[in-house]
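The values are calculated or read from the model by the stated rules, or taken from the named source; none is laboratory data. Note that the structure is a prediction, hence the values are computed from the model and not measured. Heads up, the Cβs are rebuilt from the backbone with ideal geometry, glycines too, and the neighbour counts pull from every protein chain shown. Quick note on the areas: whole protein, heavy atoms, side chains included, nothing else; ligands and nucleic acids left out. Shrake-Rupley method; radii C 1.70, N 1.55, O 1.52, S 1.80 Å.
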Amino acid sequence: MKLLVINAGSSSVKYQLYDMTDESVLAKGLVERIGMDSSILTHKPTGKEEVTEVSEILEHTTAIRKVLDKLIDKECGVLASVDEIQAVGHRVVHGGEVFKGSALVTGEVKSEIRRLFDLAPLHNPPAVLGITAAEKNMPGVPQVVAFDTAFHQTMEEKVFLYPIPKVLYKKHHVRRYGAHGTSHEYVSKVAAEYLDRPLEDLKIITCHIGNGGSLTAVKGGVSMDTSMGLTPLEGLMMGTRSGDLDPAVVTFVMNKEELSLSEVNSMLNKHSGLLAISGSSSDMRDITDGMAEGDPNATLAFEMYEYRLRKYIGSYAAAMDGVDVIVFTAGIGENSAVVREKVCENLTYLGVEVDPELNKIRSGEPRRISTPNSKVEVLVIPTNEELMIARDTYRIVQENQ
Ligand code: ADP
């Protein structure tokens, strides 16, 4: 079965075409600047040259039609006909409490996703645009939605509730939902396979650290706790997000600086984190380069980032009463040897021991970086959210045939 995985944003559509007979990627690409006068489509067929096309793409239906045109193009195409695509999988950010796993798209499912707009006003509406656009371009082709929150629906009430008036949960669904669930689930499964141990027996801390970042305590294969909350703002210090802080800081600063809701929201989401402390960049490469050159602001940003990450690892080891495996993934987790080194250097009380040489290797494959003596396995596992969505789509379409 060939299937298309789509990740639709408000002005972008990312896609990957899979052949599920061997889970190979036949082509992938991105449409950017949808709704602007020069939209850019970048298409990369596997084994062939990347092509870029600039045109006017005003909405998602046209964007997906252009993608399908590329997939069947004589030069850069990989399909004889669009009819070869037998299913479409979509990434959706928020599944609320309704979706505990991926689901076949029906009218009711779309209505539920719309009902969740309130909880993810920036992210869920574009996902519906993507679904509608795919339906228009590929009528009758089954579609599946995979939710970033679904994996975390196993959290217990004592974990997901905030200690604030309970009426806010009842009235407005205020609780911890988490994010990056597809990634946390994927890397925890790969970790168990790599170690050749049953997932059910393992206590794993998965560190998905990229521009955004979250940690999950995966116990027996299910999410027990995760660091993002009602929104992706809670938890770790991130590229431009503050992560955890005293909630009173918000009201205090709003009062002192006379900030509006949207201004304070923008401050915490877009102008905080590594960017705020370094004063120069939200990118970990710039931070570690700056630190190597002796820039005190970059050094402070790095130290705060590492310290906060390490505290979370400690708290999840406490939450699970131990940890067997720590997994690093996403942009920083997969690529930044110095972040991994510094975090693990100070986890000696857990018996963590990282081999500095193994830590430096770059491979793009799952690998162990801990020593044979380490009491905790430390792994670097490249995440693959699209593959996870493709697998769910394949399974659900097969089940519903
Ligand atoms: P997103 O959350 O946007 O999906 P990614 O997972 O792609 O983010 O991670 C992006 C981040 O990964 C960048 O901000 C950068 O800090 C970090 N990164 C990428 N490559 C490296 C590298 N070689 N060394 C250190 N950090 C890196």
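Quick notes
- Exposure check, 1.4 Å probe, all protein chains in place: Leu104 carries approximately 50 Å² of accessible surface.
- Summary value for the chain: 14 percent relative contact order, contacts being C-alpha pairs under 8 angstrom separated by 6+ residues.
- Dividing the helix sum by the residues of the chain, where each DSSP H run of 4 or more adds -39500 (n - 2.57), gives a mean residue ellipticity at 222 nm of -11500 deg cm²/dmol.
- For region 300-401, the dipole from Cβ point charges (+1 on Lys and Arg, -1 on Asp and Glu) about the Cα centre works out to 140 debye, to the nearest 20.
- Gyration tensor verdict on region 321-401 (Cα atoms; rounded if a/c is under 1.5, prolate if a/b is larger than b/c, oblate otherwise): prolate
- Student exercise, region 64-124 dipole from Lys, Arg, Asp, Glu Cβ charges, in Debye to nearest 20: 140
- Cα gyration tensor category, rounded, prolate or oblate, for region 194-273 with a/c compared to 1.5: prolate
- About its Cα centre, the chain has a charge dipole of approximately 820 debye under the convention of +1 per Lys or Arg Cβ and -1 per Asp or Glu Cβ, with nothing else charged.
- Heavy atoms of Glu345 accessible to a 1.4 Å probe, total area in Å² rounded to 10: 90
- Tyr349 contributes an accessible area of around 150 Å² to the protein surface, as traced by a 1.4 Å probe with all chains present.
- Charge dipole (the chain, unit charges on Cβ, about Cα centre) - positive-most of Val5, His208, Gly95: Gly95
- Taking all protein chains together and a 1.4 Å probe, the residues Asp196, Asp244 rank Asp196, Asp244 from largest to smallest accessible area.
- Centre separation in Å (Cα based) which lies between region 191-232 and region 164-179: 23
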